[in-house]
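Novice: Sharing a structure with you now.
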Amino acid sequence: VVYAELLPGERSRLHRAAAEAIEAGWALLPASGGGPGHDAASGHDAVAGELARHWLAAGDLPRALDAAVDAGHAAERMHAFADAHATFARAADLLDQVPGSAHDRVRLLKHAAQGASLVGDSAEAVRLVERAMASATEPRQRASLCTRLGSIHYLAGRRTEAERCFREALSLVPETEESILVARIHAGLALLAAAWSRLDDADEACARGLVVARAVGALREEGVLHNAMGVVAAARHDVDDGIVHLREALRIAREVANPNDLATAYINLSHVLGLAGRLDDVVALCREGNDVLTGVGLARQSGSFLKANWSHTLIDSGLAAEASSVIDEALSHHPRGIVAAPVLTQAARVALLRGDLTQAWERSEQARVIIEAENAPDAWLRDVTEVAAEVELWADRPAAAYDLVVDGLAAIAGTDEESFGGLLVSLGFRALANQAEVRRDPASRRELAALRRPLDDAAARLGTTRPDDAAMASWQRAEAARLELCSDPARWEETTRRWRAVGRPWPAAYAAWREAEARLDLGVDVTAIAALRTAHAAASGLGALRLVAEVERLAGWHRVDLLAAHAAPEPDAFDAYGLTPRELEVLTGLAAGRTNQEIATHLFISVKTASVHVSNILRKLDVSGRQEAARVAHRLGVSG
């Protein structure tokens with residue numbers, strides 16, 4: 001209130017007094033821990049911005065300019081990139097009002113653009129670099145600006161613009177030059193090509209860049225090149241080599257303390273560890289990376305991207321509640337631009353597993369709009385298409401799911417990404433098999449057979465070296481048999497076993513449901529009932545509400561008591577008694593206290609047949625009556 005009533009001159013004098021007071025006490029302020037290599041002013045980062053504000057309000061523009069530049073560097077040291085952007089941009093504007101200043105406009109605008117880019121404001125970052133280009137006349141300076149602009153476009157997901165900038169930068173330096181700038185240009189091209197699965201282009205950029213980087217001692221650029229080489233190796237299914245390169249990239253990023261390189265290393269290494277099936281390692285790395293990126297001011301953008309990888313791995317591990325918590329935190333940061341796409345995709349996946357198809361569809365469509373608008377990498381489009389197709393399947397719209405699958409496969413056809421289309425192919429076969437169950441007339445059978453061809457063609461081009469490739473192929477074979485209306489329980493059992501072997505409980509639970517379905521189609525026996533109960537327990541444990549509902553519906557059709565799931569008899573425990581599968585079912589009824597009539601009704605047999613089975617059980621167990629048989633069954637783990 002007092003300040004608002006002051007005259008302009010009075011305010012100016014107060015601001016000057018405040019600025020002079022800060023400068024007078026400068027030497028008394030504690031250092032902020034800038035560490036070795038920082039200038040003395042780094043110890044006063046906490047008040048640098050205040051000093052700039054006071055000199056500007058006091059009308060002392062030369063001092064305001066100097067203070068703004070100091071405040072910008074202070075903000076960078078504290079990883080306050082939004083403040084760095086605003087302060088450097090203000091300093092660049094003040095240059096016009098301070099003739100003869102020693103500050104470099106181009107340098108100030110580059111710093112401002114970097115701050116804007118790191119907080120996700122790519123449009124502002126581009127505007128600032130282009131403004132700097134208008135003041136740059138020397139070729140090397142323009143090459144440096146083009147390189148910075150290429151990096152900004154890369155982070156924003158604009159591949160074409162990024163490549164154009166990197167190529168222009170390369171054209172502005174001598175062809176035979178070996179310098180840090182040249183190494184940086186090749187590193188940018190390599191990372192760009194690797195991200196968009198243009199593996200041969202990435203190889204070429206990596207080879208040239210690595211020679212230059214090592215020749216001139218460009219350690220930071222060498223780390224970026226290792227990052228690109230790791231992504232390329234993984235895309236060619238050599239994930240072990242990819243992990244080696246990416247760990248080296250992370251080591252160098254830590255050594256040079258570059259926030260952007262740290263983010264890229266954590267994100268790409270977590271992705272490749274996931275491809276290797278090392279889910280526990282991914283979770284540990286993401287926890288570490290989340291803390292590191294938060295500490296360097298990148299929680300909003302890169303940190304959210306890393307959380308998307310983290311959430312994906314938690315889902316694969318069967319930890320849906322934890323995945324939901326991680327992705328909700330990422331959403332709360334409101335990541336900007338293209339980075340929002342992977343976050344929304346994983347949010348859709350979490351909603352799908354919870355059974356909320358409406359939210360899953362909305363999130364996947366939001367991600368798709370961003371991906372298509374920003375010309376994102378093919379892998380991102382494949383990911384969101386997988387989620388959308390599965391939403392359609394659980395919503396009982398298999399034809400729509402198939403159309404999404406075919407469009408997704410067409411989008412990656414002929415690219416280095418098509419070898420990763422296994423899940424799309426599996427979902428496509430599932431969609432056709434679902435249609436086959438209700439479209440059994442000859443004309444429909446011929447139509448479905450024709451629709452299968454794109455899936456068979458895509459399956460022939462899939463990779464075979466990832467840990468889950470064998471499980472995926474087994475799933476496709478099982479769905480293909482279901483498409484032919486001869487669902488094979490042995491194939492589904494194999495699929496369940498393979499998914500469990502690689503630690504993937506969600507597809508394993510789905511396969512267990514299909515196994516139970518196939519067994520029940522052949523007859524309601526102890527093996528089929530055990531398979532159904534196993535599927536129910538797996539789906540319930542995961543919180544997969546849609547799958548639980550399907551299993552319970554199947555149990556209702558066949559009048560199977562799922563409440564006895566945890567007490568179902570283990571055939572091995574009764575091997576010594578020579579009980580048949582049907583006798584084991586009858587024994588379960590005895591353990592539950594059912595009469596012969598109730599047992600007969602439950603198992604769809606006659607009362608006389610039930611009575612014969614009871615007599616055989618009493619004889620084989622060497623017991624005198626039903627109650628004693630029930631006690632033996634309970635001791636062997638059967639509670640009915």
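Novice: Give me the angle, in degrees from 0 to 90, between the Cα long axis of helix 259-275 and the longest principal axis of the Cα atoms of the chain, rounded to the nearest 10.
Specialist: 20 degrees
Novice: Right, next: What is the gain in length, in nm to one decimal, between Ala21 and Asp396 on full extension, counting 0.36 nm per residue of separation less the C-alpha to C-alpha distance? Kindly include the intermediate steps, with their values, before the conclusion.
Specialist: Numbers: separation 375, 0.36 × 375 = 135.00 nm, distance 7.16 nm.
Length gained between Ala21 and Asp396: 127.8 nm.
Novice: So for each of 420-430, 167-177, 550-560 I average, over its residues, the number of other beta carbons within 10 Å; can you give me the resulting order with the highest mean first? Provide the component values of the computation, followed by the final result.
Specialist: Values: 420-430: 25.7, 167-177: 14.8, 550-560: 16.5.
With the highest mean Cβ count within 10 Å placed first, the list reads 420-430, 550-560, 167-177.
Novice: Mind checking the alpha-carbon convex hull of segment 490-633 and giving the volume per residue in Å³? Present the calculation step by step, with values, prior to reporting the outcome.
Specialist: On the way: hull volume 15.6 nm³, N = 144.
Per residue, the Cα convex hull of segment 490-633 comes to 108 Å³.
Novice: On to the next question. If you take the beta carbon distance between Ala490 and Thr609 as r and set R0 to 35 Å, what does 1/(1 + (r/R0)^6) give as a FRET efficiency, to the nearest 0.05? Could the numbers behind the result be given before it?
Specialist: Values: r = 28 Å, r/R0 = 0.81.
The formula returns an efficiency of 0.80 here.
Novice: Suppose R0 equals 22 Å. What FRET efficiency, 1/(1 + (r/R0)^6) with r the Cβ-Cβ distance, do Val438 and Arg559 give to the nearest 0.05? Don't jump to the answer; show the numbers that get you there.
Specialist: Values: r = 23 Å, r/R0 = 1.04.
Approximately 0.45, to the nearest 0.05.
Novice: How would you order 291-300, 345-354, 49-58 from highest to lowest mean count of nearby Cβ atoms within 10 Å?
Specialist: 345-354, 49-58, 291-300
Novice: At a probe size of 1.4 Å, how large is the accessible area of Tyr154, to the nearest 10 Å²?
Specialist: 50 Å²
Novice: Starting from 0.36 nm per residue, how many nanometres of slack lie between Asp622 and Arg336 once their C-alpha separation is accounted for? Could you put the intermediate results ahead of the total?
Specialist: Numbers: separation 286, 0.36 × 286 = 102.96 nm, distance 7.31 nm.
Going from the current span to full extension adds 95.7 nm.
Novice: Ok, one more. Quote the FRET efficiency, to the nearest 0.05, computed for Ala102 versus Ser179 with a Förster distance R0 of 25 Å and r equal to the Cβ-Cβ distance.
Specialist: Working: r = 26 Å, r/R0 = 1.03.
Here the calculated transfer efficiency is 0.45.
Novice: Relative to the first principal axis of the alpha-carbon coordinates of the chain, what is the inclination of helix 122-133, with its axis defined by its Cα atoms, in degrees from 0 to 90 and to the nearest 10?
Specialist: Relative to the chain, helix 122-133 is tipped by roughly 30 degrees.
Novice: Hey, what D do you get for segment 114-204 in µm²/s if you plug the Kirkwood alpha-carbon radius into Stokes-Einstein at 20 °C and 1.002 mPa s? Write down the numbers at each step before the final one.
Specialist: Working: Rh = 13.2 Å.
It diffuses with D of about 162 µm²/s by this estimate.
Novice: Which parts of segment 168-189 would a label at Arg214 reach, counting a residue when its backbone N lies under 20 Å from a point 7 Å out along Cα-to-Cβ?
Specialist: Answer for segment 168-189: 176-189.
Novice: Just tell me which lysines come within less than 30 Å, Cα to Cα, of Lys307; anything on the same chain fewer than 8 places away is out.
Specialist: Hits, sequence-local ones excluded: Lys110.
Novice: So what does the Cα-only Debye profile of the chain read at q = 0.06, 0.07, 0.10 Å⁻¹, as log10 I(q)/I(0), no solvent term?
Specialist: -0.47, -0.59, -0.95
Novice: Given labels modelled 7 Å from the Cα in the Cβ direction, how far is it in nm from Glu255 to Asp328?
Specialist: 4.2 nm
Novice: Per residue, how much accessible area does the chain show when a 1.4 Å probe rolls over the protein heavy atoms, in square angstrom? Walk me through the numbers before you get to the answer.
Specialist: Values: 27540 Å² over 640 residues.
That works out to 43 Å² for each residue.
Novice: By average Cβ neighbour count within 10 Å, what is the ranking of 82-93, 489-500, 277-288 from highest down? Intermediate values should be presented prior to the final figure.
Specialist: Working: 82-93: 22.9, 489-500: 21.4, 277-288: 17.9.
Packing proxy ranking, top to bottom: 82-93, 489-500, 277-288.
Novice: In the chain, carbon and sulfur make up what percent of the accessible area (probe 1.4 Å)? Write down the numbers at each step before the final one.
Specialist: On the way: 14370 of 27540 Å².
C and S fraction of accessible area: 52 percent.
The values are calculated or read from the model by the stated rules, or taken from the named source; none is laboratory data. This structure is a prediction, so every number in the text was calculated from the model and none was measured. All Cβ positions, glycine included, derive from the backbone under ideal geometry; neighbour counts span all protein chains shown. Note: accessible area is taken over every heavy atom of the protein model, side chains too, but ligands, DNA and RNA are not part of it. Shrake-Rupley method; radii C 1.70, N 1.55, O 1.52, S 1.80 Å.
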